[in-house]
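The values are calculated or read from the model by the stated rules, or taken from the named source; none is laboratory data. Everything quoted here is computed from the prediction, not taken from an experiment. Here the Cβ is made from the backbone with ideal geometry for all residues, glycine too, and neighbour counts use every protein chain on show. The protein model used for the area step is the full one, side chains on, heavy atoms only, and it has no ligands, DNA or RNA in it. Shrake-Rupley method; radii C 1.70, N 1.55, O 1.52, S 1.80 Å.
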Amino acid sequence: MSGHGGGPAPGHDLITLGRVGVDLYPQQTGVPLAEVRTFAKSLGGTATNVAVAAARHGLHTAVVTGVGDDPWAPYVRSALRAFGVDDGGVVTVPGLQTPVVFCEIHPPDDFPILFYRRPVAPDQCLTAEALDLTALARARMVWITGSGLAVEPTRSTTLLAAAQAGPATDVVLDLDWRPSFWAEPHTAAHWYAQALHTATVAVGNRDETEVAVGTRDPDRAADLLLERGVRLAVVKQGPDGVLARTAHEEVRMAPLPVRVVNGLGAGDAFGGALAAGLLAGRPLREVVETANAAGALVAGRLACADDMPEPREIRALVARAYRHRPGDPPLAVPPSPLRTPARSGTAAAREAMA
């Protein structure tokens, strides 16, 4: 296993650890893959998407992940750099292929995914050598994923990364349940429990909380996550909105009424905005409102990383949602002005906030 650039440099706002992939998403909706005529290429993978989304908010981000020694690897690296994400933690795993991901698009809520990650994906082969321990100790936030706990050696590397975070660093556990990644799914609860020991924030949907803490009930799940030691529990509930709870505060928020195109990247857009809001020290309600709107924007677009919103877009959607009345049609989401990685996501976000 060989790194690229010796790992992320110290001083990051956010370091994520987990998946990367090349998304090939259909440009025809409502049809099975066999009937799709054309696909659009974009960058994907939960940890990668969150790093890109947070970079849109002006954060200095890095992702620790793996690619194959194949023609897709240069695309992944160049796209990350164009989006303003440090690719120094992207390792090359000889003999394996960079993951490719297809999906079907059946709005508003059916998006079957087909992963090409066999026999094993490079991001499942991360060892401790992939980690820059100094960078992890100095980062303001470290983001780990439940899918990273599925197999060794990435499982141990994920837990090590969380343990290396500094005392003032937030460790976010994105529950990110992908049952097809687990050879023994019944062991998942144990490993989620191990990760929760070091986490300060936990984020997941109801399917994921059922695996992690044994319940789909949002209130009970939030309480159980807080009992495990996190300071903030966020339970995403799809059409029922989102619940965020600390020991002293609770925020409930309904989803924004957008016309859904593809819901697959919405949770990661939520995550990037959540990270940015928490690191900025904003009030919890404002953090959740912004993250909720970021997720809605991406749900109204086709791609994941390539369609992550900038703050200006999020503010505009929130303003439109305030004017929306019951019975009005869902809000149409405009195309991303940053649809292709033609310029730095970080630079674009700073321009938007200027």
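The table for this structure:
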quantity	calculated
Residue check for ALA244: modelled with pLDDT of 95 or more, among the small types (Gly, Ala, Ser) and farther than 20 Å from ALA319 by Cβ	yes
In the stretch 153-175, the residues that are touching a residue at least 40 places away in the same chain (Cβ under 8 Å) and within 23 Å of ILE113 (Cα to Cα)	LEU173, ASP174
Considering residues of the stretch 196-241 that are crowded, with 24+ Cβ neighbours inside 10 Å and among the small types (Gly, Ala, Ser) only, the residue nearest to the chain's Cα centre (by Cα)	GLY204
The stretch 244-253, residues that are over 18 Å from the mean Cα position of the chain (by Cα) and either aliphatic (A, V, I, L, M) or open to solvent by less than 50 Å² (accessible area, probe 1.4 Å) (or both)	ARG245, THR246, ALA247, VAL251, MET253
Per-region count, the stretch 72-114, residues touching a strand residue (DSSP E or B) at 6+ places or on another chain (Cβ under 8 Å) and open to solvent by less than 50 Å² (accessible area, probe 1.4 Å)	27
Strands (runs of 3 or more DSSP E) wholly inside the stretch 90-145 containing at least 3 residues that are closer than 15 Å to ILE15 by Cα	141-145
Unique residue being among the basic types (Lys, Arg) and free of Cβ contacts under 8 Å to residues at least 12 places away in the same chain when the list is ARG118, ARG178, ARG140	ARG118
Qualifying positions in the stretch 132-153 - more than 16 Å from THR48 (Cα to Cα) and crowded, with 22+ Cβ neighbours inside 10 Å	ASP132, ALA135, LEU136, ALA139, LEU149, ALA150
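Per-residue answers, yes or no, for (1) out of contact with any Asp or Glu (no Cβ under 7 Å at 6 or more places or on another chain); (2) open to solvent by 50 Å² or more (accessible area, probe 1.4 Å); (3) modelled with pLDDT under 95; (4) part of a loop (DSSP other than H, G, I, E, B):
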position	(1), (2), (3), (4)
HIS4	no, yes, yes, yes
GLY11	yes, no, yes, yes
ILE15	yes, no, no, no
TYR25	yes, no, no, no
VAL31	yes, no, no, yes
ARG37	yes, yes, no, yes
ALA40	yes, no, no, no
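Every residue, every condition in (1) of a type in the set (Lys, Arg); (2) at pLDDT 95 or above; (3) under 28 Å from VAL93 (Cα atoms), yes or no:
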site	(1), (2), (3)
SER156	no, yes, yes
LEU160	no, yes, yes
ALA168	no, no, no
ARG178	yes, yes, yes
PHE181	no, yes, yes
GLY214	no, yes, no
ASP223	no, yes, no
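The rows are residues; the columns are (1) modelled with pLDDT of 95 or more; (2) open to solvent by 70 Å² or more (accessible area, probe 1.4 Å); (3) more than 17 Å from the chain's Cα centre (by Cα).
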residue	(1), (2), (3)
GLY295	yes, no, no
ARG315	yes, yes, yes
VAL318	yes, no, yes
ALA332	yes, no, yes
PRO337	no, yes, yes
PRO341	no, no, yes
MET353	no, yes, yes
